[in-house]
Amino acid sequence: MLGVTTPSKQGGCVVPDRAYQIRTILSRALSASTVNELGRATGQAGRLRTVTPHRLFLAVVSALAAARIETLADLLRVFNHQHGVRVAYKAFYNRLAGPGFECFMRTMCARLLEEFRLQTLTPDGEQAVAQFRDIVIQDGSSFAVKRALRDVFPGRFTTIEPAAVEVHATYSGYADDVTTLHLAPDAVGERQFLPDPMALRGCLLLADRGYPSVEYFAAVRAAGGAFIVRLSTSHDPYVLAAWKQGRRLVVPTGIRLSRFLAQHPRTSLDVDIEYRRHGRCDAFRLVVVPGRAGQCSRLCTNLPRRSFSAALVGRLYRFRWQIELCFKEWKSYANLHKFDTANPHIAAGLIWAGLCAALLKRFLAHAAQRVGDGTAISTRRVAMCAHLLLAPLVQALLRGRRLLAVLRQIVAYLLSEASAPAAVAGSPTTSRGLGAADPLAAAVPAAPIPSSTGTPIGAAGSLRATVGRIVQA
């Protein structure tokens, strides 16, 4: 379904042309002149003194990428060590306390999203799946912030965690990374962050139970897009027709979905449903996938039954798990957690900085696999060992020289120490895809573009990005 895009081997472990391309992308995205100008434009800095926007960004991001950070004092120690200076706490705090810091980090995150956007995977195996320009996943991840911020960032669970934020992400399956990020109070509804239906033309959208909307489904279909969205039990449309293992079932007239499923418990079904609201009827397809303890997943879609069997719809939806694993990677290895600050600008700015750290580490993982000899790289392993790599990279970016040599050293290290483990085919505890014999799991090379290759994510950190098969550690 999706294959790993593997760069062709050229005699050694590093392809020179691609190493130059990665250096160009990195130096352009993090050039001192550009970053300093963004700092001025966003109000983070006026005059360029010791704590310049470029120095501040590299220090904060490298610190968040390398170790657990709890306070601003932790960041100050990293900054002073990195630049051999003795900036006082108050002066450092003032650089982060205003709205300019939050705006600066948000702008830098948007810049990295744009500059680091690389095609990572290509569709493979299933002809029906190859028609999609991309497989887009939408979801959000929330976490608590300091209680004093409850008026700025109100949470959904006011008793337990009255202050919380949610990061809303749009994830590209072919790029194996997020393409859009929004930060909002946890109490804010999720649907407003869904991609524009027109942007989904030729794409497949995957989303979980917080996003179902009949109007949005109809808009995506009208725009020429496709979707698979899990419905909550609150959705109870009418059943028009149903099939079980290819055999058409008798459907009573006017029966609701909940009642129909009660008559067919723990059964895989392929159903035609219809929403009747405000004098309007909208018909869609529903695939019912049995789960544990009598539960089932209700997958609403507009994919045609002729090209996409119920089993294929279920396998495609499993690919949504990649964004959940991305969230886990952020929280475990990019300091996406509650910071000890009651300043909303610092709290939000550090969240954006943590996201920048995650984007940088995943870019290095993709770059290593793209520049190297095709060895699959585990993004989780890269995230875990990034602290060993960032110091020379930051120094090369600060000095404006030896970046290519440092990148080659990083690639060599990651190819040796962060390669993805072999697949555990059909494992009942780790496999979320199909077994190794699945014909949809074959890997194919992508066009020779300056991009990375499919990075693994999984329960132990690896996903050899396929829809039909997920490589686990």
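FYI, it's all coordinate maths here, none of it is from the lab. Note that this is a predicted model, so its numbers are computed, not measured. When we count neighbours, we look across all protein chains shown, and the Cβ atoms used for this are built from the backbone with ideal geometry, even at glycine.
Odds and ends about this structure:
- Available extension along the chain between Arg259 and Arg49 is 68.7 nm, counting 0.36 nm per residue and deducting the alpha carbon span.
- Rounded FRET efficiency, nearest 0.05, which uses the C-beta distance separating Glu324 from Leu398 and R0 of 51 Å: 0.90
- At R0 = 51 Å, FRET efficiency that the Cβ-Cβ distance of Ser332 and Val251 yields, to 0.05: 0.65
- Label positions at Glu417 and Thr180, each projected 7 Å from the Cα along the C-beta direction, are separated by 3.8 nm.
- Low-density loop positions, trypsin sites (Lys or Arg not before Pro), the range 271-377 - DSSP coil, at most 15 other Cβ in 10 Å: Arg305, Arg306
- Förster radius 41 Å - calculated FRET efficiency between Arg306 and Asp17 (Cβ-Cβ, nearest 0.05): 0.40
- Scaled against the 2.2 N^0.38 Å expected of a compact globular protein of N residues, the Cα radius of gyration of the range 39-150 reads 1.45.
- Going from the residue with the fewest nearby Cβ atoms within 10 Å to the one with the most, Asp208, Asp176 rank Asp208, Asp176.
- Each of Arg209 and Ser232 was given a label point 7 Å from its Cα along the Cα-to-Cβ line. The distance between the two points is 0.8 nm.
- Gain on full extension, evaluated as 0.36 nm per residue between Gln127 and Val152 minus their Cα-Cα distance, stands at 4.2 nm.
- Neighbour net charge for Val239 - beta-carbon separation under 13 angstrom, K R +1, D E -1: +3
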